[in-house]
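Notes for the one structure printed next.
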Amino acid sequence: MKIDILSLFPEMFEGVLHSSIMKKAQEKEAVEFGVTDFRDYSENKHRKVDDYPYGGGAGMVLKPEPLFAAVEAVTEEVTAKPRVILLCPQGERFSQRKAEELAKEEHLIFVCGHYEGYDERIREELVTDEISLGDFVLTGGEIAAMAIVDSVVRLLPNVLGNTESSVLDSFSTGLLEHPQYTRPANFKGLEVPEVLLSGNHAKIEQWREEQALIRTYKRRKDLLKEAPLTEHQKKLLAELESKDTEL
């Protein structure tokens, strides 16, 4: 996969893209990153990329010319049609499902804006997706881009050391992940559940399945509306709902 990031602050990405899983992904040649300062594509002699909005109002708006030119430059030698992603609070809320969808692409371009907003022609003609991390406002799109890139790259083949890791993560199954334990078995009187020490893999799997459902029910009931539940989980869910009704 090729990932291009268009930003006015390219230095923000240095640590993120050259550490941990992002670094390993590049070493394994699973991904190639490019970070472009789209100020370099400004037609203004002062490298200005924003201007006052027509009709008046507060703040400054990103001009279309630099971003159109930057996207054209990073796609010049690429044959695959890219997904051009605008980081924006008005966009679709990001999810694990979206990460899995983007992980199938060959080329992603992230547009990180600043100031009050974007010239509407950027939305209409340049981008394919508008994505938001949630219902809050960030200073710019850089931090959102870092989060999305991280969640996508870890899904690429052979990037994670354990191929099951991404499959069992919270949200990947539609539920939150089950509780995890490691040594020691007894820490300050707090013991690991006996079933995990039993060596009975069928019972362990059943316990994890149950715990994932219970944790999701307690913390994120909204996820249960679309989660693909097993018959055992459906029965357990009915029991949990019944107990709540009785209370």
Practice problem: Name the residue, out of Ile131, Ile148, Ile122, whose mean-square fluctuation peaks in a Gaussian network model built on the chain with Cα pairs under 10 Å. | Solution: Ile122
Self-check item: Volume of the Cα convex hull of segment 100-197, divided per residue and given in Å³
Solution: 169
Quiz item: Most mobile of Ala147, Ala202, Ala69 per a Gaussian network model of the chain (Cα springs, under 10 Å)?
Solution: Ala202
Quiz item: What percent do you get for the relative contact order of the chain when only Cα pairs under 8 Å and 6+ apart count?
Solution: 18
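Rounded to the nearest 500 deg cm²/dmol, what is the calculated helix-only ellipticity per residue at 222 nm for the chain, with -39500 (n - 2.57) per DSSP H run of length n ≥ 4?
Working: 9 runs with 87 residues, N = 247.
Per the formula, -10000 deg cm²/dmol.
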Practice problem: Return the carbon/sulfur percentage of the accessible area of the chain, one whole number, probe 1.4 Å, all protein chains in place. | Solution: 49
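Given R₀ = 25 Å, what would the calculated FRET efficiency be for Thr128 paired with Tyr54, taking r from the Cβ atoms and rounding to 0.05? Don't skip to the end; give the middle numbers.
Values: r = 26 Å, r/R0 = 1.02.
The computed FRET efficiency comes out at 0.45.
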Practice problem: Apply 1/(1 + (r/R0)^6) to the Cβ-Cβ distance of Glu92 and Glu116, taking R0 = 25 Å, and write down the FRET efficiency to the nearest 0.05. | Solution: 0.75
Exercise. From zero up to wherever the largest Cα-Cα distance of the chain sits, split into 10 Å bins and tell me the percent of pairs in each.
Key: 6, 24, 27, 20, 14, 7, 2, 0
Quiz prompt | Cα-based Rg of segment 1-89 normalised by 2.2 N^0.38 Å, two decimals | solution = 1.28
Self-check item: Under 30 Å from the Cα of Lys243 - lysines, other chains or at least 8 residues apart
Solution: Lys203, Lys218, Lys221, Lys225, Lys234, Lys235
Practice problem: Report the local net charge at Ala70: Lys and Arg +1, Asp and Glu -1, summed over other residues whose C-beta lies under 13 Å from its C-beta. | Solution: -4
Practice problem: Among DSSP beta bridges lying fully in the chain, give the percent that are antiparallel, nearest 5. | Solution: 15
Exercise. Quick one: Debye curve from the alpha-carbon atoms of segment 35-139 only, equal weights, vacuum; give me log10 I(q)/I(0) at q = 0.22 Å⁻¹ to two decimals.
Key: -1.30
Quiz item: Extension gain Phe187-Asn44, at 0.36 nm per residue separation less the Cα-Cα distance, in nm?
Solution: 45.1 nm
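The values are calculated or read from the model by the stated rules, or taken from the named source; none is laboratory data. The shown structure was predicted, so the numbers you read here are calculated from the model rather than taken from an experiment. Positions of Cβ are generated from backbone atoms using ideal geometry, with glycine treated the same way; all protein chains shown enter the neighbour counts. The area values use the complete protein model at the heavy-atom level, side chains included, leaving out ligands, DNA and RNA. Shrake-Rupley method; radii C 1.70, N 1.55, O 1.52, S 1.80 Å.
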